[in-house]
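To start, the structure itself, in structure tokens.
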Amino acid sequence: MSKTFLFVHGAWHGGWCWAKTAQELRDKGHDTHAPTLTGLGERAHLAHAGITPDSHVEDILAVIKWRELDDIILVGHSYGGLIITGVASAVPKKISSLIYLDAFVPEQSGASIFANANPARLAQFEAQLANGGFLVEPDLFDAWSDDPEQVSWLKTMCTPHPIGSFRHGVTLSGRQNEVKDRQFIVCSRNSPSPFQGEYQRVKTDQTWRTHEIDTKHDAMVAKPSALAELLDTIT
């Protein structure tokens, strides 16, 4: 049976990062959508200081509306976990599954994930800014892949990210909990990381299903075929 996958990338990335995984799923007969969030990737020219996680939620809600999507398997990577949670809180009836790929799982409306989970890293981001700047450079490439060619490619593709997305949290209505199929895929070789903590937290909740994939953080780049097979199997 054909499924509809909607992918939400993480910070500094763009829809480009899902290309190989999406192609594998299309080869299996599924429909895939991998938009780029405002201010990133091919939409980097649209970056502005007012971008927050709620801005990116609006991006995905627009995709759902104008592409007339329903019964969606919504997959969020890393920072994208905030966005898929916000989308589900707005249109839970459109979502059949929420899948967090090494991602944040926000529980408190409006709370900055970085301010709570890693204030030192947020302070490092703030230190990059001067003279009214609002974009922070990508870092931690070695945590994303251990393949030198992939790391080199990621360095050419990733773009600075609007810091408002880190300073602010996503607005949640509580309705995201109406989506009953919630799953977490942890990238087992991305350790230590805040996503290991998220994984351990949801793993003890019987309403979640959890899985592991043997990669660093960017599983969709490192092992796109394995990720596509896993997504096809668990949904």
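Every number here is computed from the coordinates shown, using simple stated rules; none is lab data. The structure presented is a predicted model; accordingly, all values stated were derived computationally and were not measured. Cβ atoms come from the backbone with ideal geometry, glycine included; neighbour counts cover every protein chain shown.
Stretching L46 away from R167 to a fully extended chain increases their span by 41.7 nm, per 0.36 nm per residue minus the current alpha-carbon distance.
Please give the calculated 222 nm ellipticity per residue for the chain, where each DSSP H segment of at least 4 residues contributes -39500 (n - 2.57) and the sum is spread over every residue; nearest 500 deg cm²/dmol?
Details: 11 runs with 92 residues, N = 235.
Result for the chain, helices only: -10500 deg cm²/dmol.
Of the GluC sites (Glu not before Pro) in segment 24-85, the ones in a loop by DSSP (not H, G, I, E or B) with at most 13 other beta carbons within 10 Å are E68. Computed over segment 108-235, the P(r) tail beyond 24 angstrom holds 42 percent of alpha carbon pairs. Once both labels are positioned 7 Å from their Cα atoms along Cα-to-Cβ, the gap between Q128 and L140 label points is 1.2 nm. With all projection directions averaged, the alpha carbon convex hull of the chain covers 11.8 nm².
Computed from backbone phi with θ = phi - 60° and the Karplus coefficients 6.51, -1.76 and 1.60, the 3J(HN,Hα) list for segment 5-16 is 9, 10, 9, 10, 6, x, 4, 6, 8, x, x, 4 Hz; x is used for glycine and proline.
Equivalent ellipsoid of segment 47-187: semi-axes from √(5λ) of the C-alpha gyration tensor, largest first, are 26, 19, 15 Å. Kindly state, to the nearest 0.05, the FRET efficiency for K155 paired with A120, given R0 = 25 Å and r defined as their beta-carbon distance. Working from the Cβ atoms, E equals 0.60. Multiplying the residue separation of W16 and H211 by 0.36 nm and removing their Cα-Cα distance gives an extension gain of 67.8 nm. A compact globular protein would have a Cα radius of gyration near 2.2 N^0.38 Å; the ratio found for segment 1-116 is 1.01. Only lysine pairs 8 or more places apart or on separate chains count here, and in the chain those with Cα atoms under 22 Å apart total 21. Sorting 164-172, 186-194 by average packing, meaning the other beta carbons within 10 Å per residue, from highest down gives 164-172, 186-194. Estimated at 0.36 nm per residue, the fully extended path between N177 and D71 surpasses their Cα-Cα distance by 36.6 nm. Distance from the Cα centroid of segment 60-135 to that of segment 138-217 is 10 Å (rounded to whole angstrom).
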